[in-house]
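Written out below as structure tokens is the structure these notes cover.
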Amino acid sequence: MRALKVLVVVMGVLLVGGTTALIIAVIERARQHLAEPAAAPPPPPGHGFGRAVVDLPAGARVIAVEPAGERLVVRIALAEGGEALILIDARNGATLGTIELRPGETGAMKP
């Protein structure tokens, strides 16, 4: 009978301790969530940025367009035979930059 009383007390302590730990975890997560800056709301449907113009080098042609997060990656074939990537911000149509792809001397990537 004494063992049963000890078991009941231990399980009661575990129940109270577990509930306390759960309440503390919920409070901490709520604090972290409130501390994070709010993300900008997405634009309403049907309201884009209007018209954007991307200038391609003379003789270049578009090979592929791929989304990459909030950017578009436009792969182009250059007139002189190489390729380039044009990074475009999909939110406002601004050109972020161009990466020219050139083969290395050995054709292998260097660290």
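Structural remarks
- Checked against the criterion of being modelled with pLDDT of 85 or more, of a type in the set (A, V, I, L, M) and under 21 Å from Asn92 (Cβ atoms), the candidates Ala68, Ala38 yield just one match: Ala68.
- Members of segment 78-94 found to be surrounded by 15 or more Cβ atoms within 10 Å (Cβ to Cβ) and closer than 19 Å to Ala58 by Cβ, listed by number: Leu78, Glu83, Ala84, Leu85, Ile86
- Matching option when the condition is more than 26 Å from Ile99 (Cα to Cα) and modelled with pLDDT of 85 or more, among Val62, Val73, Val10: Val10
- Residues (over 19 Å from the mean Cα position of the chain (by Cα) and modelled with pLDDT under 90) located in segment 76-93: Ala79, Glu80, Gly81, Gly82
The values are calculated or read from the model by the stated rules, or taken from the named source; none is laboratory data. These numbers were taken from a predicted model, which means no experiment stands behind them. Positions of Cβ are generated from backbone atoms using ideal geometry, with glycine treated the same way; all protein chains shown enter the neighbour counts.
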